[in-house]
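Following: one structure in structure tokens, then a few remarks.
The values are calculated or read from the model by the stated rules, or taken from the named source; none is laboratory data. What you are looking at is a predicted structure, and each value in this text was computed from that prediction instead of being measured. Here the Cβ positions follow ideal geometry from the backbone for every residue, glycine too, while neighbour counts run over all protein chains shown. Heads up: the accessible areas ignore ligands, DNA and RNA and are worked out on the full protein's heavy atoms, side chains in. Shrake-Rupley method; radii C 1.70, N 1.55, O 1.52, S 1.80 Å.
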Amino acid sequence: MSDSRSGARILVDQLLLQGVDRLFCVPGESYLAVLDALIDTPSLRLIVNRHESASTFMAGAYARLTGQPGVAFVSRGPGACNAAVGVHHARQDSLPIVVLVGQVPTGFLDREAFQEIDCRSVFGSMAKWVAQIDRADRIPEFVARGFQCATSGRQGPVVLALPEDVLEQRALAQDARCHQSVQAAPSDTQIAALRRMLGRAQRPIVLVGGQGWSAAASENLRGFAEANRLPVACAFRYQDVFDNRHPNYVGDAGLSINPKLAERIRNADLVLALGARLGEATTDGYTLLHAPVPQQALVHAHGGLDELGRVYQADLMINSGMPQLAARLAMMTPIDEPAWVESLVQARAEYTKWQQRPEVLSRHPPQLDQWQLMQQLRVALADDAIICNGAGNFSIWLHRFFPYLATGTQLAPTSGCMGYGVAAAIAAKISAPEKTVICVTGDGDFLMTAQELATACQYNAAVLFLVFNNAMYGTVRLHQEKLFPGRVVGTFLSNPDFAQLARAHGASGLRVSRTEEFGPALAEALASLRSRRLPALIELACDPNLLSPTTHLDELRARAAAERGKDAPAV
Ligand SMILES: Cc1ncc(C[n+]2csc(CCOP(=O)(O)OP(=O)(O)O)c2C)c(N)n1
Ligand SMILES: [Mg+2]
């Protein structure tokens, strides 16, 4: 055992032992001792945010991108509450993050002291594990358990509260060992059973998603799909698991799913769900597969034991990490002359058709054609460019028309939280400075975490923000118009001049309102990222009446009027 150290020093030493190289934080008086210890620890980089939601979002994005646990450090009450959205997100996205919370001194606990927060009850239903460390000599034990828990099985968020005096106490403490991300692997019997089920199938489909898809795992998956001529669909916001150009890729099962793909999954006689949680968005509200007992035969493979049988009673449940599973599937003897070869060609053709310019654009040509923008963006970017987004209807255009070509190129929230894309993009650029990073965002989505523009400039995170501005919370407006036609409330937005806002931070700012202006603006912005090493922003003035790639307001209203006419009593 080494000499006595302060709790703060013990903590920082444990973070280094766990392989942590950066912390995303907003400082607080509650953990001054840790900040002080960091001065003597140059190998631990501090990224200082302007709101704690960004700290937890960034920790999650870092984890998703690097496969390593992300760490956020926030202060008690207000800081912890601001951080909560990123904890919820990390839970739904199965991201290994450790959130360290400065806490009131132990002598004041349970008095509702200044900014006191009971982390166990606040984060209890959101985090995988929550604890408070009340003795400096036990910091190594708790930190090790936290990293172990966050990174094993179904990964997720861990919250550790650290009372101020514990960080200042001196103690003799034995250092912990580095965590090991423990993932299960399939048994021979399970792979044999999967093969038997596939051999009997006529209309199988693979549905992939979830955590843990390394480039090597995706490569093995490709081998398995090719050898068995299987159609592969990606779960909601996991489109980068399988190269969208590949002839076996047939689309994504997310919100606004291709109706043909939905039908194909519904009519399949075997669904191989590999890593996907089979959540509400991926199953179209638990209808593509009937819950809890699906019509189709179902093989469900997942890294988390608790996920298997939680909603769906699969015929075969396999508890496995994706690299472990994909390696076994790649070696599996392929099925001879599969019955579904023709239908794969058909499924791919349906996907290709779904990629065409949507007809509503011909009926109502907008000044700024979002379909064309997605085509131009794909051509302008390298295959490994990272695309980040938050929530809003602008993301429907992205997910439908922008093909993801490589693993680790999509940072998109399955939790559907607005504000994620801005923070994720900055974290991505800081973590992978050699890659081009684009944040596709809406006017509402952007302003949820726009304060992080300052963070991006401070750390030279040269991200390109594409702000699709339709002056509204368009997603909500669309649902409003469908359920309560013409009764618009709470969805109109009066926005700042986004380009000027960017410039005020030191970033480049441009505004585009016509399709033909986009190409030159994109080229200028991409060049400025490289030359200035600062972010750039292009505001895109969108037609507010084009509510989605399938819905124009005039058509929606005409339909609603026709419906009313039908319902009107005959006189
Ligand atoms: C944090 C959070 N708050 C509220 C919502 C509900 N919500 C989903 S999309 C949306 C509007 C998004 O607006 P914008 O970014 O402008 O995109 P648009 O739909 O207009 O394209 C809202 C309010 C959410 N998903 N996340
Ligand atoms: Mg909007």
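Considering only the stretch 385-477, give the helices (runs of 4 or more DSSP H) lying wholly within it that have at least 2 residues that are within 13 Å of ligand 2 (Cβ to nearest atom).
Working: elements: 394-401, 420-431, 443-448, 452-458.
Passing ranges, in order: 394-401, 443-448.
Would you mind finding the one in 451, 458, 480 that is among the polar types (S, T, N, Q), away from ligand 1 (no atom under 12 Å from the Cβ) and farther than 14 Å from residue 536 by Cα? Talk me through it step by step, then tell me what you get.
Values: 458 fails: farther than 14 Å from residue 536 by Cα; 480 fails: away from ligand 1 (no atom under 12 Å from the Cβ).
After applying the criteria, what remains is 451.
Being part of a loop (DSSP other than H, G, I, E, B), of a type in the set (D, E, K, R), touching a helix residue (DSSP H, G or I) at 6+ places or on another chain (Cβ under 8 Å) and surrounded by 22 or more Cβ atoms within 10 Å (Cβ to Cβ) narrows it down to one of 177, 237, so name that one. Before the answer, list the steps.
Values: 177 fails: surrounded by 22 or more Cβ atoms within 10 Å (Cβ to Cβ).
That would be 237, the only listed residue that is part of a loop (DSSP other than H, G, I, E, B), of a type in the set (D, E, K, R), touching a helix residue (DSSP H, G or I) at 6+ places or on another chain (Cβ under 8 Å) and surrounded by 22 or more Cβ atoms within 10 Å (Cβ to Cβ).
Are any residues in the stretch 492-501 over 24 Å from residue 374 (Cα atoms) and either within 8 Å of ligand 1 (Cβ to nearest atom) or charged (D, E, K, R) (or both), and if so, which ones?
The one that is over 24 Å from residue 374 (Cα atoms) and either within 8 Å of ligand 1 (Cβ to nearest atom) or charged (D, E, K, R) (or both): 493.
Which pairs do you get when a residue that is on the phi < 0 side of the Ramachandran plot, found in the stretch 179-199, comes within reach of a residue that is charged (D, E, K, R), reach meaning Cβ atoms under 8 angstrom, with the pair 6+ apart or on two chains?
Filtered contacts from the stretch 179-199: 185/328; 186/328; 191/328; 197/315.
Filter the stretch 492-506 for residues that are over 11 Å from residue 470 (Cα atoms) and assigned to a loop (DSSP other than H, G, I, E, B); which is nearest to ligand 2 (Cβ to nearest atom)? Show your work before the answer.
As a first pass, look at the stretch 492-506 and keep what is over 11 Å from residue 470 (Cα atoms): 496-506.
Add one more test, that the residue is assigned to a loop (DSSP other than H, G, I, E, B), and what stays is 496-497, 506.
On the way: 496: 13, 497: 15, 506: 25 Å.
Ranking the qualifying residues of the stretch 492-506, first place goes to 496.
State yes or no: is residue 491 open to solvent by less than 10 Å² (accessible area, probe 1.4 Å) and modelled with pLDDT of 95 or more? Talk me through it step by step, then tell me what you get.
Working: open to solvent by less than 10 Å² (accessible area, probe 1.4 Å): yes; modelled with pLDDT of 95 or more: yes.
The answer is yes for residue 491.
Suppose we filter 423, 471 for residues that are aliphatic (A, V, I, L, M), open to solvent by 10 Å² or more (accessible area, probe 1.4 Å) and within 14 Å of ligand 1 (Cβ to nearest atom); which single one remains?
Details: 423 fails: open to solvent by 10 Å² or more (accessible area, probe 1.4 Å).
Within the list 423, 471, the selection yields 471.
Restricting to the stretch 366-382, what's the tally of residues that are open to solvent by 10 Å² or more (accessible area, probe 1.4 Å), of a type in the set (A, V, I, L, M) and in contact (Cβ under 8 Å) with a residue 24 or more places away in the chain? Lay out the reasoning, then the answer.
Initially, the stretch 366-382 is screened for residues open to solvent by 10 Å² or more (accessible area, probe 1.4 Å), giving 366-367, 370-372, 375-376, 378-382.
Filter again for of a type in the set (A, V, I, L, M), leaving 379-382.
Subsequent filtering for residues that are in contact (Cβ under 8 Å) with a residue 24 or more places away in the chain retains 380-382.
Qualifying residue count for the region: 3.
Among the candidates 136, 90, which residue alone is buried (at least 23 other Cβ atoms within 10 Å of the Cβ), at pLDDT 95 or above, touching a helix residue (DSSP H, G or I) at 6+ places or on another chain (Cβ under 7 Å) and under 12 Å from residue 166 (Cβ atoms)?
On the way: 90 fails: under 12 Å from residue 166 (Cβ atoms).
Of 136, 90, the one residue that is buried (at least 23 other Cβ atoms within 10 Å of the Cβ), at pLDDT 95 or above, touching a helix residue (DSSP H, G or I) at 6+ places or on another chain (Cβ under 7 Å) and under 12 Å from residue 166 (Cβ atoms) is 136.
Kindly indicate whether any position in the stretch 522-532 is more than 16 Å from residue 457 (Cβ to Cβ) and outside any helix (DSSP H, G or I).
no
Which residue is surrounded by the fewest Cβ atoms within 10 Å (Cβ to Cβ), if the candidates are limited to the stretch 477-488 and must be farther than 13 Å from residue 394 by Cβ and in contact with a helix residue (DSSP H, G or I) (Cβ under 9 Å, 6 or more places away or on another chain)? If you could, list the steps in order and put the result at the bottom.
Kept after step one, since they are farther than 13 Å from residue 394 by Cβ, are these residues of the stretch 477-488: 479-488.
Restricting the remaining residues to those that are in contact with a helix residue (DSSP H, G or I) (Cβ under 9 Å, 6 or more places away or on another chain) gives 481-482, 485-488.
Working: 481: 19, 482: 13, 485: 15, 486: 11, 487: 8, 488: 13.
This residue is 487.
List the number of the failed condition for residue 187; all other conditions in (1) out of contact with any helix residue (DSSP H, G or I) (no Cβ under 7 Å at 6 or more places or on another chain); (2) within 27 Å of residue 267 (Cα to Cα) hold.
It is condition (2) that residue 187 fails.
Residues 441, 409: which one is in contact (Cβ under 8 Å) with a residue 60 or more places away in the chain and β-branched (Val, Ile, Thr)?
On the way: 441 fails: in contact (Cβ under 8 Å) with a residue 60 or more places away in the chain.
The conditions single out 409.
Given 471, 507, which one is under 30 Å from residue 556 (Cβ atoms), in contact with a Cys (Cβ under 9 Å, 6 or more places away or on another chain) and of a type in the set (A, V, I, L, M, F, W, C)? Break it down into steps so the answer makes sense when it comes.
Working: 507 fails: under 30 Å from residue 556 (Cβ atoms).
Just one listed residue meets the conditions, 471.
Please work out which residue is nearest to residue 438 (Cα to Cα), limiting yourself to the stretch 385-404 and to residues that are free of Cβ contacts under 8 Å to residues at least 60 places away in the same chain and away from ligand 1 (no atom under 13 Å from the Cβ).
Pass one, the stretch 385-404, residues free of Cβ contacts under 8 Å to residues at least 60 places away in the same chain: 385, 387, 389-390, 395, 398, 402.
Okay, now just the ones that are also away from ligand 1 (no atom under 13 Å from the Cβ), so 385, 387, 402.
Working: 385: 8, 387: 5, 402: 12 Å.
The selected residue is 387.
Which ranges mark the helices (runs of 4 or more DSSP H) fully within the stretch 242-359 that have 1 or more residues being without any contact (Cβ under 8 Å) to a residue 60 or more places away in the chain and open to solvent by less than 10 Å² (accessible area, probe 1.4 Å)?
Details: elements: 259-267, 322-331, 341-355.
Answer list for the stretch 242-359: 259-267.
Among residues belonging to the stretch 522-562 that are over 27 Å from residue 451 (Cα atoms) and open to solvent by 90 Å² or more (accessible area, probe 1.4 Å), point out the one that is modelled with the highest pLDDT.
557
Taking the stretch 362-372, which residues are within 16 Å of ligand 2 (Cβ to nearest atom) and either within 27 Å of residue 218 (Cβ to Cβ) or not in a helix (DSSP H, G or I) (or both)? Before the answer, list the steps.
From the stretch 362-372, those within 16 Å of ligand 2 (Cβ to nearest atom) are 366, 368, 370; that's our starting set.
Result: 366, 368.
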